[in-house]
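The values are calculated or read from the model by the stated rules, or taken from the named source; none is laboratory data. Given the structure is predicted, the values throughout are model-derived calculations rather than measurements. Heads up, the Cβs are rebuilt from the backbone with ideal geometry, glycines too, and the neighbour counts pull from every protein chain shown. Keep in mind that these areas ignore ligands, DNA and RNA; they rest on the heavy atoms of the full protein, side chains included. Shrake-Rupley method; radii C 1.70, N 1.55, O 1.52, S 1.80 Å.
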Amino acid sequence: MEPKPLHISIALREAAAALRAGGLVILPTETVYGLAADAANARAVAKVYAAKGRPSFNPLIAHVSGVEMARRIARFDERAEALAAKFWPGPLTLVLPVADTAAVCDLARAGLDTVAVRAPAGPIAWGLIEFFGGPVVAPSANRSGRPSPTTFEDAVAETGEAADAALDGGPCEIGLESTVVALLDRPRLLRPGAVTRAEIEAVIGPLAEADADAKRSPGRLARHYAPDLPVRLNVEEPNPDEVFLGFGRWGGAGGFNLSPSGDLAEAAANLFSYLRAADLADGAAGIAVAPIPDEGLGEAINDRLRRAAGFVG
Ligand code: TXA
Ligand code: MG
């Protein structure tokens, strides 16, 4: 018998219906898996915070299908237009003055008069938002403080119990969360990510640091993206009881190699799943990570590693 061909649109329609009913959906994006809810529905957003065990002062990103939907909820200036034209759909989140406080409810914005927007790449995320017909909040689908899930299985293990539907998009292509840039006064880099500082500066000029204004990104807690085992960074020679995450010429003897060829994009894609796997190693006392060059994507990788190690205040 011939198999019955089921179109992806059936799954998307059902997932959109779950969102409309106030439910939660596990959603693949090009960066990491998200736990999605209707951005306008405060009850649904409250369920997201509960599922993650996330402090409710941490605002969420409103995911849109494109710049048109984004302009309905946020006030775009020239810099925002230029960045969206260059990097959307893709791993860049813009923090802008909010234009429609009902479309992205107060709880989703943590009461701020700003809103974070991004148009994710990839047909599943785009398709869900289009079928749903409005912005969808989607924090990474991990429980608060844990590494972001980059595979369907990890996402379901983290927050699947709270979800009404789950869309399987396979492993995430990028593996690191989006870059977050605030365009409120001076442009500020709130979270380094897959779009690098240099790529953004090429479009809008110099980016100020987030540290001067950390309150704008309350989600940046010290211990974040953290496995259960202690994490040690910039290690060239691991201790015998440590699982080693190698990079390039610092091989992953008895452990893992984030990228044998020293490729930062490959290391980013492997980072969270290897941290999770290392965490499960039998009898290990800790995780040691090889030095990662701090240029390009390395800035985002080192940011996540410092947080996994609990070093960032
Ligand atoms: O790649 C990503 O961005 C993933 C995928 C699922 O799209 N999502 C994600 O969401 O990483 P989340 O909630 O884990 O991280 C959102 C970040 C936090 O650091 C939060 O503080 C910041 O964006 N953020 C959100 N709204 C903000 C606002 N109004 N002002 C400043 N920072 C904001
Ligand atoms: Mg997160």
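Fully extending the segment from Leu280 to Glu153 would add 44.2 nm, taking 0.36 nm per residue of separation and subtracting the current Cα-Cα distance. Once the C-beta distance of Arg43 and Val67 is scaled by a Förster radius of 25 Å, the resulting FRET efficiency is 0.30 to the nearest 0.05.
Using a cutoff of 8 angstrom between alpha carbon atoms and counting only pairs six or more residues apart, the relative contact order for the chain works out to 20 percent. Normalising the average separation of contacting C-alpha pairs (under 8 angstrom, six or more residues apart) by the number of residues puts the relative contact order of region 79-205 at 29 percent.
Given the DSSP H assignment, sum -39500 (n - 2.57) over each helix run of at least 4 residues in the chain and divide by its residue total; what's the result at 222 nm in deg cm²/dmol, nearest 500?
Numbers: 10 runs with 98 residues, N = 313.
Counting only the DSSP helices, I get -9000 deg cm²/dmol.
Quick check: from the Cα gyration tensor, does region 107-164 come out rounded (a/c under 1.5), prolate or oblate? Taking the square roots of the gyration eigenvalues as a ≥ b ≥ c, region 107-164 is oblate. Among DSSP bridges having both ends in the chain, what percentage is antiparallel? Round to the nearest 5. For the chain, the DSSP antiparallel bridge percentage is about 50. Label-to-label distance, Arg143 versus Arg232, with points set 7 angstrom from Cα along the beta-carbon direction: 2.8 nm. The 1.4 Å probe gives accessible areas that order Trp250, Trp88, largest first, as Trp250, Trp88.
In this calculation the C-beta distance from Ile8 to Glu295 is compared with R0 = 25 Å, giving a FRET efficiency of 0.05.
Val67 exposes around 50 Å² of accessible area when a 1.4 Å probe is run over every protein chain in place.
Placing a pseudo-label 7 Å from each Cα along the Cα-to-Cβ vector at Glu199 and Ala265 gives an inter-label distance of 0.9 nm.
How large is the charge dipole for region 96-215, taken about the Cα centre, if only the Cβ atoms of Lys, Arg (+1) and Asp, Glu (-1) carry charge, to the nearest 20 debye?
Working: 9 positive and 18 negative charges, 62 e Å.
Charge dipole of region 96-215: 300 debye, to the nearest 20.
Under a no-solvent Debye model with one identical scatterer per Cα of the chain, what's log10 I(q)/I(0) at q = 0.08 Å⁻¹? For the chain, the Cα-only Debye profile gives -0.34.
Simple point charges give the picture: +1 on the Cβ of Lys and Arg, -1 on the Cβ of Asp and Glu, and for the chain a dipole about the Cα centre of about 940 debye. Highest mobility in the GNM of the chain, judged by mean-square fluctuation with C-alpha springs under 10 Å and restricted to Gly296, Gly53, Gly122, is found for Gly53.
Report, in debye and to the nearest 20, how large the dipole of region 58-131 comes out about its Cα centre when Lys and Arg carry +1 and Asp and Glu carry -1 on their Cβ.
Using Cβ point charges on Lys, Arg, Asp and Glu, region 58-131 gives about 140 debye.
A Gaussian network model of the chain, with springs between Cα atoms under 10 Å, assigns the largest mean-square fluctuation among Leu112, Leu128, Leu190 to Leu112.
Calculated accessible area for region 31-154 comes out at 36 Å² per residue, all protein chains present (probe 1.4 Å; ligands, DNA, RNA ignored). Taking square-rooted eigenvalues a ≥ b ≥ c of the alpha carbon gyration tensor, is region 4-85 rounded, prolate or oblate, where a/c under 1.5 means rounded and, failing that, a/b exceeding b/c means prolate? Oblate shape, in that a/c is at least 1.5 and b/c is the bigger or equal ratio. Atom-type composition of the exposed protein surface of region 94-196 places 51 percent of the accessible area on carbon and sulfur (1.4 angstrom probe).
Would you mind checking region 95-116 for residues with the amide N under 12 Å from a putative spin-label position 7 Å along Cα→C-beta of Arg75? Backbone N within reach: 96-100, 113-115. Taking the Cα centre of the chain as the origin and placing charges on Cβ (Lys, Arg +1; Asp, Glu -1), which of Ala51, Ala267, Ala288 is farthest toward the positive end of the dipole? Value: Ala51.
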